[in-house]
1. Could you check how many residues of the stretch 5-54 are over 24 Å from the mean Cα position of the chain (by Cα) and of a type in the set (D, E, K, R)?
2. Return the pair list, or none, for Cβ contacts closer than 9 Å from residues in the stretch 41-59 that are of a type in the set (Ser, Thr, Tyr) and part of a helix (DSSP H, G or I) to residues that are at pLDDT below 75 and surrounded by 10 or more Cβ atoms within 10 Å (Cβ to Cβ), at least 6 apart or on different chains.
3. Considering every residue within the stretch 46-62, establish whether at least one is loosely packed, with under 10 Cβ neighbours inside 10 Å and modelled with pLDDT under 60.
4. Kindly list, by first and then second residue, each pair from a residue in the stretch 17-35 that is touching a residue at least 12 places away in the same chain (Cβ under 8 Å) to a residue that is surrounded by fewer than 10 Cβ atoms within 10 Å (Cβ to Cβ), limited to pairs with Cβ atoms under 9 Å and residues at least 6 apart or on different chains.
Amino acid sequence: MEQLLTSQRELLSGLEEENEAIRAQISKEKSAERNRVLDKKYALALEMSYSEQLLLWTDEDDLFGNPFDLRQEK
């Protein structure tokens, strides 16, 4: 009985480690995607007038918001 309990604990521990590794990978991928989106916006902004830039950064459908808008909560 105790041996079964020990093996279940080991299995649970392994699953928890695997779960943590998956969470870390997802977080890394989300961060990379966010950086890609912002890089594209910065590249676009370099080619636009100021009024066009305002429209780019104030779009309500924007996934991440304007990183320069100090009114947003962090």
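The values are calculated or read from the model by the stated rules, or taken from the named source; none is laboratory data. Computed from a prediction, not measured in an experiment: that's the story for all the values here. Neighbour counts run over all protein chains shown; Cβ positions are idealised from the backbone, glycine included.
1. Number satisfying all stated conditions: 4.
2. Matching pairs, first to second residue: Thr58/Asn66.
3. Checking the stretch 46-62: at least one residue is loosely packed, with under 10 Cβ neighbours inside 10 Å and modelled with pLDDT under 60.
4. Arg34/Leu63
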